[in-house]
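Beneath this line is the structure, given in structure tokens, with notes to follow.
The values are calculated or read from the model by the stated rules, or taken from the named source; none is laboratory data. Quantities reported herein were computed from a predicted structural model and do not represent experimental measurements. A quick note on method: Cβ atoms are made from the backbone with ideal geometry, for glycine too, and the neighbour counts reach across all protein chains shown. These accessible areas exclude ligands, DNA and RNA; they are computed on the full protein's heavy atoms, side chains included. Shrake-Rupley method; radii C 1.70, N 1.55, O 1.52, S 1.80 Å.
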Amino acid sequence: RGGGLHRRELRRVHAVHLARPDSNSPAFFGVNNCVRLDVLAHLPGEVQVGKLSFCWSALGYYFGLAQKQDIVFLLREKPAATAHALDVVADTLGRYAALCLEAGADGLFYATNVATGDLMSAAECRRFQRPFDLRVLAAVRSGRFNLLHVCGSGVRFEEFIAYPVPAFSWATVP
């Protein structure tokens, strides 16, 4: 099914201890090398552009593991294990985002497409989306420009009102 994990495999993933990756891992190093490249210095004239590092939300990464309905099943049937997995993902993304700022990014383009009425209730958004988003965004609060992007049909815009970002964008399709 779609190349992702099946429900029984997801249950097995929840049964293991999730390790937090080292910030010296090749993935972190490669992204930060990209941010360090000063592409903007090669633009002609007085162009006002900033370097934003892209980052899916913790819940967005989690939803990338399998079919959306299987992840929704886990949110509801294994909430503690799901919260633990999101904790690890949010910690990793927060460190990644902070390293991007250290490497020269001006901020973060933080995106999600799962806080929609057809996937989650408002209470589920508050439990499984908001706390982990806020941890990642806290890691880049010193950024000059952080942007929150939400997309999808039936986005729960009200759940993002108080997010600590100066800019907000949206799309009605993922």
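Select from region 151-171 the residues that are part of a loop (DSSP other than H, G, I, E, B), surrounded by fewer than 17 Cβ atoms within 10 Å (Cβ to Cβ) and touching a strand residue (DSSP E or B) at 6+ places or on another chain (Cβ under 7 Å) and list them in ascending order.
Residues satisfying the conditions are Ser153, Gly154, Tyr163.
The listed residues are Asp91, Asp118, and the only one of them that is over 11 Å from the mean Cα position of the chain (by Cα) and closer than 27 Å to Gln67 by Cα turns out to be Asp118.
For region 145-174, a tally of residues being in contact (Cβ under 8 Å) with a residue 24 or more places away in the chain, farther than 16 Å from Cys55 by Cα and touching a Leu at 6+ places or on another chain (Cβ under 9 Å) returns 3.
All of Ala111, Ala97 fail the test of being in contact (Cβ under 8 Å) with a residue 40 or more places away in the chain, surrounded by fewer than 20 Cβ atoms within 10 Å (Cβ to Cβ), closer than 13 Å to Ser57 by Cβ and not charged (D, E, K, R), apart from Ala111. Scanning region 136-150 for residues that are hydrophobic (A, V, I, L, M, F, W, C) and open to solvent by 10 Å² or more (accessible area, probe 1.4 Å) yields Ala138, Ala139, Phe145, Leu147. Of all the listed residues (Asp118, Asp133, Asp91), the sole one being acidic (Asp, Glu) and buried (at least 19 other Cβ atoms within 10 Å of the Cβ) is Asp133.
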